[in-house]
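Below: one structure, written as structure tokens.
The values are calculated or read from the model by the stated rules, or taken from the named source; none is laboratory data. Quantities reported herein were computed from a predicted structural model and do not represent experimental measurements. So basically every Cβ, Gly included, is an ideal-geometry build from the backbone, and we count neighbours across all protein chains shown.
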């Protein structure tokens, strides 16, 4: 009886899509920074999610991998611990990594029959910012390269997709001014349209500064991420300690000179008197 109800609901959904002219695969794009959580929608899913199957593919030439089978999470995938199914059959992914980019497909099955006309394809684009230095604190005067990259899947190369969709990846100074190659202090390179590198020599005032990279699609900001640089205080402390030590040595020498001078004069007087007594 439940299966018949599901068939009726799917029939109504399919008929409605035909009448409204919206029949076909639903497509959407989601931009997310690595480390965040994301919710991927499943359109026209049945309420109990027992007909819902989620699949994933990273490359167009590879086969899709099942993540959710008829409402039940599979445990044989690498990311199963970070997955959960929402009450509306949407797919939740925690702590996104740069390897999670790709195409996520939500499908409806009843009695083994796949209703392809209401498939939902969600293209997940992951934005990742990293540093060339593995150290948590960097000494002033050191050169560092920050890299921001958009990991995307669209059935074509990232560069081709970015050009066709008007995607731009760029660095921003103080959250509003776009850094360009004309800025003498910064060297910006773009090995590809999906990546932008920023190289600079760190100054003391760069401590705790946020370097922001942004992605726009057709001149609309889709995602941005920051990387905070922390300057090592050890070198500054050593310089300060060295100055303090030098100052202490100078003070000691001066104090010694001040207190030792009368003593030397007194000894000279005593020695002179004794020499005179001997001559007598």
- [ ] Answer yes or no as to whether residue 105 is in contact with a strand residue (DSSP E or B) (Cβ under 9 Å, 6 or more places away or on another chain) and in a loop (DSSP other than H, G, I, E, B).
- [x] no
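To keep it simple, each residue is scored yes or no on (1) within 13 Å of residue 42 (Cβ to Cβ); (2) in contact (Cβ under 8 Å) with a residue 40 or more places away in the chain.
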position: 79; (1), (2): no, no
position: 86; (1), (2): yes, yes
position: 90; (1), (2): yes, yes
position: 102; (1), (2): no, yes
position: 106; (1), (2): yes, yes
position: 130; (1), (2): no, yes
position: 133; (1), (2): no, no
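Across the range 130-153, what is the total count of residues that are buried (at least 18 other Cβ atoms within 10 Å of the Cβ) and either at pLDDT below 85 or within 16 Å of the chain's Cα centre (by Cα) (or both)?
Total satisfying the criteria: 9.
Based on what the data block shows, is residue 117 part of a loop (DSSP other than H, G, I, E, B) and out of contact with any strand residue (DSSP E or B) (no Cβ under 8 Å at 6 or more places or on another chain)? Outline the logic, then answer.
Working: part of a loop (DSSP other than H, G, I, E, B): no; out of contact with any strand residue (DSSP E or B) (no Cβ under 8 Å at 6 or more places or on another chain): yes.
No: the conditions fail for residue 117.
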